[in-house]
Structure formats: structure tokens, C-alpha cells
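Encoded as C-alpha cells, the structure appears first; notes follow it.
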Amino acid sequence: MAFPRGSENEAEQSSTLVSGDVRRHNLSVVARFLLENQAASRSQIAKGTGLTRGSVTALTALMLESGLISEAEPKTPSGVVQENAKGKGRPLTLLALAADHVAILVLQLDADKVTGLLTTLAGEPLLRMAQSHGRPMGQPEPILDQLAAVFGQLVDAARALGRSLVDVTVVVFAPVGGEPAVVLADTDLGWWSVDVLAGLRRRDPRLPDFARLVPDSILAAQAELDLLPDVQDLIYMKSNSGIGGAIISGGIAIEGAHKLAGALGHLPLVPGGELCGCGQHGCLVTVAGPDAILAAAGLTDILIRDGLTAALSELTTRILAGEPRATAAWDTAVEWICRALQILAMSFDPQIIVLGGYWAHLAHTVKERLEQGWPQPMSGQLWVGPTVVAGQLADDAALFGAVRDARDRALMDPLKISI
Ligand SMILES: [Zn+2]
């Protein structure tokens with residue numbers, strides 16, 4: 001949010017530049033405005049942000065000098081209102097986010113593969129690559145080798161493009177905790193505590209100190225939330241490797257005291273149920289997780305031979321085609337998924353439930369079943385349940401969310417990324 005518009009006098013301008021916090025905030029406001037509007041004149045920035053014209057002139061001068069923005073090709077006034085009377089008739093100088101000297105790097109580790117993505121500061125992809133790791137259960141070392149190999153290739157590519165890394169994020173499909181942050185347990189890979197960043201740094205010392213290890217679900221939920229105008233309260237639940245989720249209330253993701261909120265796959269639903277990798281019995285993932293459904297649908301062979309992504313794709317195709325065994329396996333799982341969602345809906349009263357991963361393709365079946373289970377009219381008043389929708393970003397939700405998060409953090413202090 002911009003600071004209030006004030007009078008455009010010398011004192012204000014100098015205080016804007018003297019106070020570090022105010023300046024950082026205002027730089028961030030201008031950078032975000034340019035990110036959202038792609039290109040704008042100084043007058044348009046002033047009007048759009050509420051900053052004074054004088055402040056915008058001083059701030060953009062700093063940003064030009066630092067290489068964060070550049071002057072875009074001047075455009076003829078057609079379609080662009082010339083606001084400065086003195087410049088009437090002249091082409092308008094537009095400013096745009098440049099930062100051609102930096103890049104954002106994201107690595108994502110799921111149950112099948114390592115995906116690497118290098119983007120510009122604005123999130124435009126520069127290079128994307130993926131390598132299968134073959135799911136060597138309980139063996140972090142070969143997977144860390146692959147993670148380091150993908151990281152190394154992306155760093156080389158960034159250097160070849162003349163870009164330095166402004167943010168590095170490693171996304172894992174598992175809960176993360178502790179200081180330094182480690183994977184606490186990854187039931188898809190048979191991991192207990194694994195210090196992924198330390199393992200990566202041992203293999204490639206170019207991993208910067210600011211690299212972060214983060215779980216996928218909150219990032220994915222926030223990326224989906226961005227695509228839903230006017231939504232502030234959302235439950236996100238997804239399955240691709242395991243089952244994960246996030247709860248966003250009032251636009252803010254609930255992290256909890258130990259940053260474990262949203263571990264929805266480990267809601268212990270089945271009394272006396274199967275022992276889960278987390279140590280509880282009867283977790284949702286034991287009855288509705290990929291391994292359980294694929295086994296019930298008779299697809300374990302494909303899982304072993306072609307990997308989880310291929311097996312889940314086949315499962316989805318068979319369910320949508322009405323193949324009896326896959327449909328029966330899914331119907332059983334949906335009962336448990338809906339049980340979990342009913343409890344969550346009553347607990348958090350969301351506007352929307354977003355189903356991600358391969359569940360996005362089957363969201364209509366969950367919606368149907370869930371709506372049958374909503375409370376019946378009481379005192380003549382219908383309880384309005386949340387809408388169930390399919391996630392729009394499929395398996396890329398966390399990857400996009402990580403880029404968006406990295407970009408937002410970089411823009412909090414734009415001059416840190418000066419040349
Ligand atoms: Zn569990």
C-alpha cells in the first residue's frame with residue numbers, strides 16, 4: 001500500500017530519500033506497480049500509487065541507476081494520455097521493470113522427479129528442466145545428487161545469461177521444520193529428517209546462504225488463490241505425491257505454531273486404522289493417498305514400472321471412463337476425502353475448496369458427494385457450504401507459487417538487487 005499522497009515540496013522529497021524504511025517501502029510500491037502494469041510513465045506511477053510526482057521522479061532515478069528498471073521504447077501518444085503539459089505532443093517515456101541481471105531459481109522435488117525452473121524477476125521462464133529420480137525409497141543421497149545436478153545446470157545457464165541469483169527456493173512435497181529448516185518426514189520417499197540444503201551445498205558450494213527449503217502446499221494454495229478474485233477464505237487440498245493442503249483464512253495462510261498446519265493428509269480419520277508413516281493410525285493418506293488408491297485399482301505395476309505421475313494419469317483416465325475397479329477404488333477414497341473436507345469446512349467455513357494435483361480432474365465427483373453430506377435445513381435456514389472447484393495450475397501450482405513468493409520477497413527491498 002502506498003503512503004498517503006502529500007504536498008510536493010522539497011522537505012517531503014528529502015525526507016523520502018533520507019528515511020531508509022520509507023524509501024524501501026516506496027521503492028517496493030513503485031516496483032510492484034510496474035510489475036502489475038508492465039510499463040508506465042512517471043505520471044501514471046504517481047497517479048496509480050498515490051506517491052507524489054517528486055517522490056516518483058527521485059525513486060525512479062534510483063531504480064534506473066540500479067538497473068532495476070529501464071526506459072521502455074517511447075510510444076506515440078496514441079492510446080496513452082500525455083499528462084505533462086510541457087511534454088505535449090512528445091512521445092511519453094515509459095518505465096518498465098528490467099532487472100536483466102538477476103534471476104529466480106526454484107527446484108522442486110516430488111515423488112518422481114526433480115524439476116528446475118529459472119525465471120526473470122517478473123516470473124517469465126528462462127529455462128525449465130526435469131529429471132526422474134526413480135524413487136529410491138529411504139535413500140536421500142542419490143536424490144540429492146540429482147537435485148544438485150539440476151541446480152548446477154540452472155546456475156550455469158544463469159551465468160551464461162549474465163544473471164545472478166536473487167532468490168533460490170527448494171520446494172519439497174513434505175513438512176519442513178527446525179532451524180536450519182529440514183524435511184521432517186517424507187512418506188513418499190521414505191525419508192525421516194533430511195537436511196536437503198546442507199546436502200545440496202556439500203555437492204555444489206554455489207548454493208547461496210539465502211536459499212530456502214519450503215513445503216509445497218502453502219505456495220500452491222497461494223498461487224491458486226491469486227487466480228480467484230474476491231476469495232479470502234480457502235481450503236486447498238491436493239494429491240500428487242501423498243496428500244497435502246493449506247488453509248487460507250482472511251487471505252493469510254495458517255502456518256501454526258510449528259509451521260505444520262495444513263498437513264491434511266495426516267488427519268487421523270479411521271479409528272484403529274493402518275499405521276501411517278507419521279506414526280499415527282488411520283490417516284487420510286492411508287485410505288485416500290496415491291499408493292492406497294493405485295493398489296485398490298490394480299495399478300501398482302504401472303506405478304513401479306512408469307512412476308507415480310504416469311500411474312495417476314492412468315488412474316484418472318480409468319475413473320473418468322468408468323472402469324469398474326478404478327471407479328470403486330476412487331469411490332472409497334472419495335468417502336474419506338469428503339469426511340475430511342466436511343470436518344475442515346465446519347472448522348474454517350471457507351468460501352471455496354480447491355482440489356489440486358490429479359484430484360483437479362475429479363473435482364466434480366468430490367463436489368457431488370460432498371454436497372449430499374451438507375447439513376440439512378435447520379430452523380428453515382439452509383447452511384451454505386463452500387463451493388468445490390478444480391485447481392487451475394495442476395502440478396505446477398507450487399512451482400509458480402514459489403516464483404511468485406520469491407519475486408514478492410525480492411521486491412520488498414528492490415535496491416538489494418541492484419547491479
Ligand atoms: Zn499420517
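The values are calculated or read from the model by the stated rules, or taken from the named source; none is laboratory data. As the structure is a computational prediction, the values presented were derived from the model and not from experiment. Glycine gets a Cβ as well: all are built from the backbone with ideal geometry, and neighbour counts include every protein chain shown.
Tell me whether the range 202-216 contains one or more residues that are surrounded by 14 or more Cβ atoms within 10 Å (Cβ to Cβ) and within 16 Å of the ligand (Cβ to nearest atom).
Yes - at least one qualifying residue is present in the range 202-216.
Quick one: in the range 170-201, of everything that is farther than 20 Å from residue 242 by Cβ and touching a helix residue (DSSP H, G or I) at 6+ places or on another chain (Cβ under 6 Å), which residue is nearest to the ligand (Cβ to nearest atom)?
199
Identify the single condition in (1) crowded, with 18+ Cβ neighbours inside 10 Å; (2) modelled with pLDDT of 95 or more that residue 173 does not satisfy, given that it satisfies every other one.
(2)
Being over 20 Å from residue 263 (Cα atoms), touching a Leu at 6+ places or on another chain (Cβ under 9 Å) and surrounded by 15 or more Cβ atoms within 10 Å (Cβ to Cβ) narrows it down to one residue among 316, 309, 327; which is it?
316
Per-residue answers, yes or no, for (1) within 16 Å of the ligand (Cβ to nearest atom); (2) part of a helix (DSSP H, G or I); (3) without any contact (Cβ under 8 Å) to a residue 60 or more places away in the chain:
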{"residue": "291", "(1), (2), (3)": "yes, yes, yes"}
{"residue": "303", "(1), (2), (3)": "no, yes, yes"}
{"residue": "309", "(1), (2), (3)": "no, yes, no"}
{"residue": "316", "(1), (2), (3)": "no, yes, yes"}
{"residue": "326", "(1), (2), (3)": "no, yes, yes"}
{"residue": "333", "(1), (2), (3)": "yes, yes, yes"}
{"residue": "336", "(1), (2), (3)": "yes, yes, no"}
{"residue": "345", "(1), (2), (3)": "no, yes, no"}
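Please count how many residues of the range 241-259 are more than 17 Å from residue 347 (Cα to Cα) and either more than 15 Å from the ligand (Cβ to nearest atom) or surrounded by fewer than 19 Cβ atoms within 10 Å (Cβ to Cβ) (or both).
If we filter the range 241-259 for residues that are more than 17 Å from residue 347 (Cα to Cα), which is where we start, we get 241-244, 257-259.
Filter once more, so that each one left must be either more than 15 Å from the ligand (Cβ to nearest atom) or surrounded by fewer than 19 Cβ atoms within 10 Å (Cβ to Cβ) (or both): 257-259.
Residues in the range 241-259 being more than 17 Å from residue 347 (Cα to Cα) and either more than 15 Å from the ligand (Cβ to nearest atom) or surrounded by fewer than 19 Cβ atoms within 10 Å (Cβ to Cβ) (or both): 3 in total.
In the range 271-289, what residues are aliphatic (A, V, I, L, M) and either crowded, with 18+ Cβ neighbours inside 10 Å or near the ligand (Cβ under 7 Å from one of its atoms) (or both)?
First, the residues of the range 271-289 that are aliphatic (A, V, I, L, M): 275, 284-285, 287-288.
Of everything in the range 271-289, those that are aliphatic (A, V, I, L, M) and either crowded, with 18+ Cβ neighbours inside 10 Å or near the ligand (Cβ under 7 Å from one of its atoms) (or both) turn out to be 284, 285, 287, 288.
From the list 411, 362, 415, exactly one residue is in a helix (DSSP H, G or I), of a type outside the set (Lys, Arg) and either at pLDDT 95 or above or closer than 26 Å to residue 266 by Cβ (or both). Which is it?
Working: 411 fails: either at pLDDT 95 or above or closer than 26 Å to residue 266 by Cβ (or both); 415 fails: either at pLDDT 95 or above or closer than 26 Å to residue 266 by Cβ (or both).
So the residue among 411, 362, 415 that is in a helix (DSSP H, G or I), of a type outside the set (Lys, Arg) and either at pLDDT 95 or above or closer than 26 Å to residue 266 by Cβ (or both) is 362.
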